[in-house]
Structures are given as C-alpha cells and as structure tokens.
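Have a look at the structure below before the remarks.
The values are calculated or read from the model by the stated rules, or taken from the named source; none is laboratory data. Keep in mind that what you see is a predicted model, and the values were worked out from it rather than measured. A quick note on method: Cβ atoms are made from the backbone with ideal geometry, for glycine too, and the neighbour counts reach across all protein chains shown. Accessible surface is based on the protein model in full, side chains and every heavy atom, while ligands, DNA and RNA are left aside. Shrake-Rupley method; radii C 1.70, N 1.55, O 1.52, S 1.80 Å.
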Amino acid sequence: MEAGSLPLELWRLILAYLPLADLGRCSLVCRAWRELILSLDNTRWRQLCLGCAECKHPNWPNRPHLEPRSWREALRRHSLASRTWSQSGEELESSHCLYLFRRRKDRKVHHVGAGHEHQSLRGALGAAGAYDRVLLHPGVYEEQSELVLKLPVEIVGKGKLGEVALLVSFDQQCPTARLCNLVFMPAWFSPVLYKTSSGHVQFDNCNLENGQLQVQGPGTCQIRFCSFSQSSVHLHGVALSLLESCEFSGSDNASVTVEGSPASDRNWACKHLTALAKSKSMASLQEWSPDVSHPPPVVTLELCKEGGTGQGGGEIGATVLSEALDCSESELSTASDNEEDEPVGYRLSYGPHGLSHLLEQAPGDPSVPASSGLELRTLQQELQRDKEAQALAASLQGCLVRKCLFRDGKGGLFVCAQAQARLEGNVFRDLAYAVRCIQSAKIVMLKNEVSRCKTSGVLLRLSAQGLIADNNIHSNAEAGIDIRKGANPLILCNRIHSGLRSGIVVLGNGKGCIRSNRIYGNKEAGIYILYNGNPVVSGNHIYQGLAAGIAVNESGRGLIVENVIRENQWGGADIRRGSDPVLRNNLICHGYSDGVVIGERSRGLIEGNTICRNKGCGVWIMSSSLPHITGNHISHNSTYGMAVFCHKDDVNNYPPSQASNENFNEEGELIAWEGDLDSEDERFSSRRPISAALIESNSISHNGAAGLYVKNSEALNIVGNAIHSNQGHGISVFQSSQLSRMVNNSITANTAGGVSVEAGCRVELRGNGVYDNRCHGISSRGEGVILENDIIGNHGCALRLLESADMRVVRNRIQSLHGFGVAVLDEVKGLVQDNLIFQGKAGKSLIHKTAAAEDCIVLNNELLAFNGKSPGRREAAWALENPPPRPRVEGQPSGAPAAQPAPRGISMTTRITARVESGCHSSGSIFCSIL
C-alpha cells in the first residue's frame, strides 16, 4: 500500500496502535514509509517512551517540563543503554559459542511472588541460569542474610515503581547483572544495599533508600533514572562508571564518593560505557543548559555614562577651587579677565616635550578604544586556544555524572585520593556543599548549576586539579568556588553571581587559572585572594558586586590581567596587608568608590590599567606600602586621580552594615594557616625591588580633584607621569616628612596650580615640565630642591615661595603669563640661582621679593624681556630648543614587579577601612571595605 494513498492524519491514527517492533518493521519498507514513521515523533514515539516502565521522562529529574528534541531518539538511546549489562558475552572464548547461542535462544523468565513458581528471591536465583530474568511480582521481599549473585542475571519488578520492595543486601560475584523497577531498603544486618568488586552492575528506574551502593575497581556500574533517598554511592578505584538522570536527596554525607585512582585493569564493560558516554556527552550538553532565574545583565564596554564625573567635577570641583590656598577667587577671576585685555609678550611652545604622547592617549572622553580586546570569550574559543583545557574537556575516566539532581543533603560529590570525576548538566541545590575535590583528585565540571549551598559551592583542596567550565554558580552562603592548599584548577566561562559572600576565594597557597567568567552581584569581593593565594585571573567581567571587584589580602599574590572590573559598590581592586599581586591591563571603571586601593604593608605591580569614572579616587595608597604603579591611564574619577595617605588600616573602623567576622574555616575546625605558607611559587616574583613607593609613566587626567594628592610620612618617588586637566592641583603635597621626589613629570592645564607644597613637607622637583595651569606653576611652603624644571605659561606666578619655605631653586626656565616669574614672600629662606626667567605680562616684575625674605639669596638669574621689533642675541632661547622642553624622557624604565614580601604571621581579620581628614574625603574614606 502506498503511503500517500491515505491522509497523513489517518495514517497516524492507524499507526498509533502498532507496538514498537512493528513500527521498526514499517520503517524498513521504503523511504516514504520511513518518513511516515519518523513523523510520529510527538505522538506514538512519545507515548511509547513515556509508557516504558524501565525509564522516566528523558529530562527527569531536572527539567521534565521540557521535551527532548526527538522522542524516538530518546527511546533508541534508552534501548541501547538498557542492554549494556548483557554485552559481556561478546568477549567470551570462542569455545563457548554453543553456550552463547543456547543462552540467547533459551533465556528463561522466573516469576517470584505469592501464587507463582518461586516464593522467595533466593529460591528463584538458585534456579535461574546465566542471563535469565527474575520477574518479581508486587510485594515486599526480605532476606535474613546476604544474597550472593554468582551468575549473570536480570532482576526486574513488575508493575509500577514502588510496588516491589527488597529488604536485601546483595554481593555480586558474577561478571554482570541488571536490576530494574525496584525499591531497595537496607536489611536489618547491614546498611549496604549492593556491592561488587569485579563485575558490572546496571540499575534502571530504581529507588534506593537509607543505604549504600558500593563498587570497587575493576568493577563498574551504570545507574539510570534512579532515586537515592538518604542513600549514597561509593566508588573506589573504578575505571569508569556512569550515573545518569538520577536524583539524590537527604544524604547525611556525600551523595556520591569517588575515591582512588581509576583501576588500570579494566573490565569488559569499560569500552561499552565509554562508547555510550561519548555518544551522549557533547550533543546533550548543547541542548541542555541549567535554568537561570535571573539572567545576567548585558555588559557593554562603553565608558561614557550620564552622571559621569569628567566634565568639571560638580560640587567637588567647586570645593577644591574655593579651598585652594594658592589662588583666591579674585586672583583667578583677575587672571582670567586680563588674559584677553592685556596681551602676553610671548608664549613659549612646550608641545613636543617627552611625555606629550601620553596626553594624546588620554582624551577627555575615554570610551570604546580603551576597552578593545576585553570582550568575554566563549568556551569554544577558550578550548581552541588552550590545548590543556581541550584535553580536560575530552577526558573520560573515573565517574561520569550526567543530568542528575542533588538536593537537600550534606554533600553532592566528594572526589579524593587521585580519583577522577566528570560532571555534566547536573543541578546541585540546598546542600552543605555541591562538589568537594581533594588529595590530587581531578574533576571536570561542564554546564552544571550550583545554588543555595550552605557553605561554598565547589571546594578544591590539597593539589586538586581539573576544569570547571560553563557552569551557573549562584546564591551560595559562602564562596561560589573555594580554592586552597595547592589546588590548581582551570576555571573558564562560568557565571558566578548572587552569592552571600565572595564569588571565588583563593587562599592557603591555592593557585588556578580563572578566565572569561562573569562574576557579578556577589555580596562580598568578586574574587578574593589571601594567605599566599596565587592564581592567574584574566579576561573576566567582574561587576555589580556589593564589595570590591578583586580583593587581595593577607600576603595574597596573583597575576590579574585584562579583566573588566566595573560598577562594584566598594571599588575595583583592593590590595592589603603584605599582598603583592600583578595588576596589568585591566579596565577598572564606574565603581561606586575608589578604583584601586593599596593598603598597609602591601606591594604590587599596577601596570597598564585604565582606571576611570570611579566615584572615589583612581588609586588610593596607604602607609608602609611599596607599590609600583606604572603605565596606567587614570581619568575622570570623581575625586583625586591618585592619593597617597599616611593612615593605616583600622580594623575598628568599618561600615556598620558590613560588620561581621571573617570565617575561612570549614565546619568550625581551626586551621593552622602557617603550615600553608611554607612553599613559595616564584612565577610572579621576578620583579625589580623598590625601596619606596614608585609612581611612574602614568597618565592622570580629568579627575574631579587633584591629580596626585600626597599626605604621607614616608618616601615617595613620582617619575615620568603626565598629570593633565585635573580639577584641583596637578600635584598637591599636603604632608611629607620624608622626601617626595618628583622627576620628569609633565604637569599641564590643571584647574588650580601645577604643584602645591605645604609647610613641613620635603620635596625634590627635578626635570619636570609645569605648563599652562590655571593658577601658580609651583607654590611651596616647604623645603627641598627645585632643579632644572620648565615652569612655563601658568596663569598665576610661575614659582611662589611663601611663609617659612626653605627651597633651593636652581637652573629652571620660568615664565608666567600674568603674574611674577618668581615671588619670594614672607620669611622665606633658601637660594634662587642660575634660573632663566622669561617675561610674561608686560610691565610685570620677573622677580618679586619682599623685605621679610632677607634670608633668601637671589643671584645669577638671567632675565629675558621680549622685544619683537629688535630681536636680541638671545632670541633663540625663547624657543626652548636647547635643551628641548622638559621633561626629557629617554629610555624610561618599564614597570618591573616588586620583590616578594617575606612570609609573616597570619591572623584572622575583620572588615578593614581607613579615614581621611582633608580634601574631598572629609567625612571618611569611601573606598572598598575588605569583605
């Protein structure tokens, strides 16, 4: 009969009555019939799949509301998997061929139950032959001693799941066995429900309650569509096992324990399990992904936002101007008015100075170019560029757990003692922890969901390794991923969010490579590194956290490169207490506090980062720290571009809303961290040592207050920076009892003065270019040396010494547009000698000295008045050509990491913060509180 002779709907109605075998025969008739049979996927094939007593919904237990791509394919896979246990016959000796033929042809079914041929399970097994089926009719079957399986057999419960219950302890001593549609409960004499040490066992559609399933290598197991209630699976030295579509609930310990390295002497089932696992693995993962209750917001890399700070600083800019000690409002307004009315004699050109390239790279509106190359990579892209990750993703050894649900218990999966496990598409929720991997064990986690754990979601300890990729880890009470004690995993392309503590914690010599993850919305730091933690953190997006983006504390280290750290409540990166990380080429922006905080006794290399549009400072440095800050673009922050403060970490001063004790112990146990600090990883320690905090080769521009604010009691080196168009002074030295060296900097176009030095401060200004600032070029009340600088084109005095200043001013080139070239006021001491002073405003004295400043020696200065009509012999000097405009930067040293700090005693810490007494932070610091 032609398939087209009847309407399609009528054919489907007719074929809905055919059993499975007849449907298979019809599909072999011809192509038209095959297409007709395939079209029954959502009708007859769905009915057959759901009506099978040996399996559940293909997406049970995690997503039974979603249909599979093909019901026919799901039924085919189930049929193949259900026959794995009987494949052992293919590998028997050829002399047994006759036995195999007879066994396949004469397979018997033994009925057990009231009114049937066998009254007990033990009696049926005694009468059964190899590969026979024992069919248990509804009832409860109990044995008073352990039941030993010596021949391959299949034990199946008849009726619905739950109608056949076994109170039996099995010991399998045969090559293979299968148990299906049964409820297992422990016998009175043993908690072990089933154990095997050599053969293969297959469980289909069973319930296991209040007991243990034990498999020891070279034995193997395959468990499908089973429920474990207060039960557990223990695998020891198993070469390969498969747990698929199972539900684990209410366990008192780990639901699945995998222990020992995979056995080398594999049994016959390994090759069949391997083929079965590979046929399902990646295809099923592509069609299945964990639910995301709240999908992550789209992260754009555009930096320009409404309400940004870069265009004037608002109230902060006004505050800085009104409180400026060096320029009153009347002086500023007079200078501004006279700029047009009274022409300047001659403007000297300073454009081609040594740092002009930094000003070109720091436009007034940083946007997409600064963030190019920081987009998140997909897992496929990461695997293509990382052969190690590719090998891990393809590895298949130990225990394979797929599409299972772990809930409402103590632990999910525990992997230890060099064991291996692979987890695909599972859901872990409402557990004490989801996955724990220790003692050089290895895990591969792909596309799992881990949520609402009472401690951390994934814990790795004691040199554990593996791949954790493309998982959704959220809403856990502690860290999403906790790495410590030498563990070194590869963490790729995960979503780690909404945690009640940190997203990822690395401590106690923990390592790891953390790449291309979305880490957002966590209550504490997105990534927290401490106690000699030393990970590589690259290419992540860390945003919208309620604390710091990345926090490095208590001698933490790490290489932190090319991350986007944005919109975090307490700042971008926070480095404290002897920590020494490398922070390179990151985008740190739009934070609600400071961009980077460097706390007491910390080091670190801060290099090549873009730090912009944060509501606090760009970089905040505290006492006793030795950071090396080089090559960064620091712009459009609401307050200072960079601030160096003398305060120390104060553990008693923290935001009340954040007050709670840190607890990195597990289950209340006391951990001796000193033992974890003995080993040193030297992969990031090859940096040149520095003896004072070093700020070099940075572009600091368009910030809402001073470009660089110094209130410090320790030595500081400021070398080769471009400090431009900030809303306060370029550099403001408010307190500096030790020498602050400012060498080869370009300080231009700042709203207040170029450099301001307060009384009691010690400074050395050498080789700087101080150009076109809106107030005085350099104003000093302190002591020190001003040597070989260009102080040109400023709108107030070029150089102003006042009160009790004691400065040596030697060999500078000086010009003011509207004020004095050099103003020596009050009781100033020191020396003004061998300077070249150009005329600015016509009729204005080039040097102004008051009578009270008799202790200041002024001699051998050359004064140049410009006469355009009759140029003199020194006309060439007006061009700043010999030497060229300062700063002259030749072979500026690139940033090299600082030396590692020595290990020190560790104590548990509470929240940390600091207070500021002046400037824009009058009521206290707003930078990150370490969480």
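Of the residues that sit in region 66-84 and are assigned to a helix (DSSP H, G or I) and hydroxyl-bearing (Ser, Thr, Tyr), which one is most open to solvent (accessible area, probe 1.4 Å)?
Filtering first and then ranking leaves Ser79.
Which one of Asn532, Asn586, Asn553, Asn609 is in contact with a Leu (Cβ under 8 Å, 6 or more places away or on another chain), buried (at least 24 other Cβ atoms within 10 Å of the Cβ) and under 21 Å from Ile723 (Cα atoms)?
When all the criteria are applied, what remains is Asn609.
Consider region 566-582. How many of its residues are more than 9 Å from Ile542 (Cβ to Cβ), open to solvent by less than 10 Å² (accessible area, probe 1.4 Å) and of a type outside the set (Lys, Arg)?
Count: 9.
Between a first residue in region 121-139 that is over 13 Å from Cys174 (Cβ atoms) and a second residue that is in a strand (DSSP E or B) and among the small types (Gly, Ala, Ser), which pairs have beta carbons less than 9 Å apart while being 6 or more apart in sequence or on different chains?
Cβ pairs passing all conditions: Leu135/Gly157; Leu136/Gly157; His137/Gly157; Pro138/Gly157; Gly139/Ala165.
Out of Ser120, Ser190, report the one residue that is at pLDDT below 95, hydroxyl-bearing (Ser, Thr, Tyr) and within 20 Å of Val233 (Cα to Cα).
Ser190 is the lone residue from the list that is at pLDDT below 95, hydroxyl-bearing (Ser, Thr, Tyr) and within 20 Å of Val233 (Cα to Cα).
Which residue out of Ile606, Ile542 is more than 15 Å from the chain's Cα centre (by Cα) and outside any loop (DSSP other than H, G, I, E, B)?
So the residue among Ile606, Ile542 that is more than 15 Å from the chain's Cα centre (by Cα) and outside any loop (DSSP other than H, G, I, E, B) is Ile606.
Sort out which residues of region 185-216 are in a loop (DSSP other than H, G, I, E, B) and open to solvent by 20 Å² or more (accessible area, probe 1.4 Å), and write them in order of number.
Once the filter is applied, which keeps residues that are in a loop (DSSP other than H, G, I, E, B) and open to solvent by 20 Å² or more (accessible area, probe 1.4 Å), region 185-216 yields Pro186, Trp188, Phe189, Ser190, Pro191, Ser197, Ser198, Asn210.
Any idea which residue in region 744-770 is farthest from Ser725 (Cα to Cα), counting only those that are in a strand (DSSP E or B) and open to solvent by 10 Å² or more (accessible area, probe 1.4 Å)?
Arg762
Residues Gly604, Gly591: which one is surrounded by 24 or more Cβ atoms within 10 Å (Cβ to Cβ) and in contact with a His (Cβ under 9 Å, 6 or more places away or on another chain)?
Gly604
Considering only region 40-62, how many residues are more than 22 Å from Leu161 (Cα to Cα) and not in a helix (DSSP H, G or I)?
Residues flagged as more than 22 Å from Leu161 (Cα to Cα) and not in a helix (DSSP H, G or I) within region 40-62 amount to 1.
Which of (1) open to solvent by 30 Å² or more (accessible area, probe 1.4 Å); (2) over 25 Å from Lys56 (Cβ atoms) does Ala128 not meet, given it meets every other one?
Against the list (1) open to solvent by 30 Å² or more (accessible area, probe 1.4 Å); (2) over 25 Å from Lys56 (Cβ atoms), Ala128 comes up short only on (1).
Any idea which residue in region 384-399 is farthest from Leu423 (Cα to Cα), counting only those that are part of a helix (DSSP H, G or I) and in contact (Cβ under 8 Å) with a residue 12 or more places away in the chain?
For region 384-399, the residue satisfying everything is Glu388.
Taking the criterion of being in a strand (DSSP E or B), of a type outside the set (A, V, I, L, M) and open to solvent by less than 10 Å² (accessible area, probe 1.4 Å), would at least one residue in region 736-743 satisfy it?
yes
Any chance you could count how many residues in region 481-524 are assigned to a loop (DSSP other than H, G, I, E, B) and either under 20 Å from Arg429 (Cβ atoms) or out of contact with any Cys (no Cβ under 7 Å at 6 or more places or on another chain) (or both)?
Residues in region 481-524 being assigned to a loop (DSSP other than H, G, I, E, B) and either under 20 Å from Arg429 (Cβ atoms) or out of contact with any Cys (no Cβ under 7 Å at 6 or more places or on another chain) (or both): 20 in total.
For the subset of region 3-21 comprising residues that are part of a helix (DSSP H, G or I) and without any contact (Cβ under 8 Å) to a residue 12 or more places away in the chain, which member is most open to solvent (accessible area, probe 1.4 Å)?
Selected residue: Glu9.
Would you confirm whether any residue within region 471-483 is open to solvent by 10 Å² or more (accessible area, probe 1.4 Å), without any contact (Cβ under 8 Å) to a residue 40 or more places away in the chain and closer than 25 Å to Gly616 by Cβ?
no
Among Ile514, Ile588, Ile560, Ile575, which is closer than 21 Å to Ser475 by Cα and touching a residue at least 12 places away in the same chain (Cβ under 8 Å)?
Ile514
Would a scan of region 85-102 turn up a residue that is open to solvent by 70 Å² or more (accessible area, probe 1.4 Å), closer than 26 Å to Cys52 by Cα and either modelled with pLDDT under 90 or not in a helix (DSSP H, G or I) (or both)?
No.
Output yes when any residue across region 227-248 is under 29 Å from Ala114 (Cα atoms) and either of a type in the set (Val, Ile, Thr) or buried (at least 24 other Cβ atoms within 10 Å of the Cβ) (or both), and no when none is.
Yes.
Considering every residue within region 392-403, establish whether at least one is open to solvent by less than 30 Å² (accessible area, probe 1.4 Å) and closer than 22 Å to Arg501 by Cβ.
Looking for residues that are open to solvent by less than 30 Å² (accessible area, probe 1.4 Å) and closer than 22 Å to Arg501 by Cβ, one finds none in region 392-403, hence no.
Filter region 586-639 down to the residues that are of a type in the set (Asp, Glu), farther than 17 Å from Leu559 by Cα and in contact with a strand residue (DSSP E or B) (Cβ under 9 Å, 6 or more places away or on another chain) and list them by number.
Listed by number, the list holds a single entry, Asp594.
This table checks each residue for (1) open to solvent by 30 Å² or more (accessible area, probe 1.4 Å); (2) more than 27 Å from Cys226 (Cβ to Cβ); (3) touching a residue at least 60 places away in the same chain (Cβ under 8 Å).
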{"site": "Leu23", "(1), (2), (3)": "no, yes, no"}
{"site": "Leu28", "(1), (2), (3)": "yes, yes, no"}
{"site": "Cys49", "(1), (2), (3)": "no, no, no"}
{"site": "Ala53", "(1), (2), (3)": "yes, no, yes"}
{"site": "Trp60", "(1), (2), (3)": "yes, no, yes"}
{"site": "Pro64", "(1), (2), (3)": "yes, no, no"}
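On the basis of being in contact with a Cys (Cβ under 9 Å, 6 or more places away or on another chain) and either open to solvent by less than 10 Å² (accessible area, probe 1.4 Å) or within 22 Å of Gly219 (Cα to Cα) (or both), does Gly412 make the cut?
Answer is yes for this residue.
Considering only residues of region 774-827 that are under 21 Å from Ser725 (Cα atoms) and of a type in the set (Gly, Ala, Ser), which is farthest from the chain's Cα centre (by Cα)?
Residue satisfying both the conditions and the ranking: Gly819.
Would you say Asp265 is part of a loop (DSSP other than H, G, I, E, B) and under 26 Å from Ser86 (Cβ atoms)?
Spelling it out, Asp265 is indeed part of a loop (DSSP other than H, G, I, E, B) and under 26 Å from Ser86 (Cβ atoms).
Restricting to region 22-39, count the residues that are in contact with a helix residue (DSSP H, G or I) (Cβ under 6 Å, 6 or more places away or on another chain) and part of a loop (DSSP other than H, G, I, E, B).
1
Among the candidates Val168, Val153, Val164, Val148, single out the residue that is aliphatic (A, V, I, L, M) and open to solvent by 10 Å² or more (accessible area, probe 1.4 Å).
Val148
Let me confirm something: among Leu802, Leu836, Leu787, Leu863, which residue is at pLDDT below 90, within 26 Å of Ser746 (Cβ to Cβ), surrounded by fewer than 24 Cβ atoms within 10 Å (Cβ to Cβ) and of a type in the set (A, V, I, L, M)?
Residue meeting the stated conditions: Leu863.
Would you check which residues across region 551-591 are β-branched (Val, Ile, Thr) and over 15 Å from Gly533 (Cβ atoms) and list them?
Across region 551-591, the qualifying residues are Val561, Val564, Ile565, Ile588.
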